[in-house]
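What follows is a single structure, written as structure tokens, with notes after it.
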Amino acid sequence: AQKQRLATYAAGVGAGPAMAPEKVYPLAHGAKLVLKTGDITTESVDAIVNAANERMLGGGGVDGAIHRAAGPQLVRACAEVKEVEPGVRCPTGEARITRGFQLPAKHVIHTVGPIYENDRVSAPLLASAYRSSVQLAQENGLVSMSFPGISTGVFGYPFDKAAQVAVSTVDEAVAAAGEGGSVKEVRFVIFNRPLYDEFVTAAEKLL
Ligand code: ADP
């Protein structure tokens with residue numbers, strides 16, 4: 001039974017890293033989109049994006065992994081981000097930037113995706129989280145950035161829909177920045193194989 005559970009885990013969420021190929025797709029203005037499986041905390045890029053919460057003081061999932069890898073300076077930098085209302089540093093659909101501290105990435109862009117309710121309510125918020133993150137990277141002159149699958153963990157967004165919103169929004173945001181936009185490489189670093197497969201499906205369809 002233990003062996004069976006391990007096999008199920010490996011097939012479902014087991015960091016499929018070495019098991020899935022890295023795929024590259026073209027975006028506007030000579031930029032590229034990369035799909036891969038793996039752990040986002042190991043990415044050597046200008047910014048990794050954190051699927052944070054509105055308080056921005058850490059949490060579970062990828063948020064916890066990023067804070068552990070960045071070290072305690074990250075939560076201190078987050079605490080310094082101005083609250084827009086009590087307990088809210090980054091409203092859902094927006095993004096904030098800090099340094100990366102002990103991470104190989106230079107910066108962390110913290111964004112907050114929606115808890116999935118339905119497509120009408122949730123899709124615009126998820127798109128806004130991706131768009132705001134790309135825009136903040138452009139404003140800071142960043143060239144490379146890595147995203148996790150925002151809202152696809154405890155926030156419960158269906159994988160196929162989340163992947164479509166992610167790929168189409170990043171494609172539009174890079175195009176909208178024009179030829180002079182700084183962002184030239186957007187990487188999706190996906191922790192589990194089923195979600196990675198949905199990203200491949202979305203990219204094959206949309207790009
Ligand atoms: P949310 O609250 O936005 O759903 P979660 O952290 O629960 O955030 O999950 C978001 C996604 O991040 C999920 O697909 C989860 O599998 C993934 N994830 C968790 N840890 C990591 C990691 N170290 N690197 C990349 N992705 C991760």
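Brief remarks on what is shown
- Pairs where the first residue, in the range 189-207, is part of a helix (DSSP H, G or I) and the second is within 13 Å of the ligand (Cβ to nearest atom) and polar (S, T, N, Q), C-beta under 6 Å, 6+ apart: Leu195/Thr152; Tyr196/Thr37
- Top-ranked residue in the range 157-188 [being in a loop (DSSP other than H, G, I, E, B) and under 17 Å from Asp46 (Cβ atoms); ranked as farthest from the ligand (Cβ to nearest atom)]: Gly180
- Scanning the range 29-47 for residues that are under 20 Å from Ala175 (Cα atoms) and buried (at least 19 other Cβ atoms within 10 Å of the Cβ) turns up Ala31, Leu33, Leu35, Asp46, Ala47.
- For the range 27-48, the set of residues classified as closer than 25 Å to Ser128 by Cβ and in a helix (DSSP H, G or I) consists of Ala28, His29, Ile40, Thr41, listed by residue number.
- Residue within the range 187-196 that is β-branched (Val, Ile, Thr) and either farther than 21 Å from Gly61 by Cα or in contact with a Phe, Trp or Tyr (Cβ under 9 Å, 6 or more places away or on another chain) (or both) present: yes
- Out of Val174, Val88, sole residue that is crowded, with 19+ Cβ neighbours inside 10 Å and β-branched (Val, Ile, Thr): Val174
Since every read-out is calculated from the coordinates, none of them should be taken as a lab result. Note that the structure is predicted; figures quoted are calculated from it, not measured. Reconstructed Cβ throughout: ideal geometry from the backbone, glycine too, with neighbour counts over all protein chains shown.
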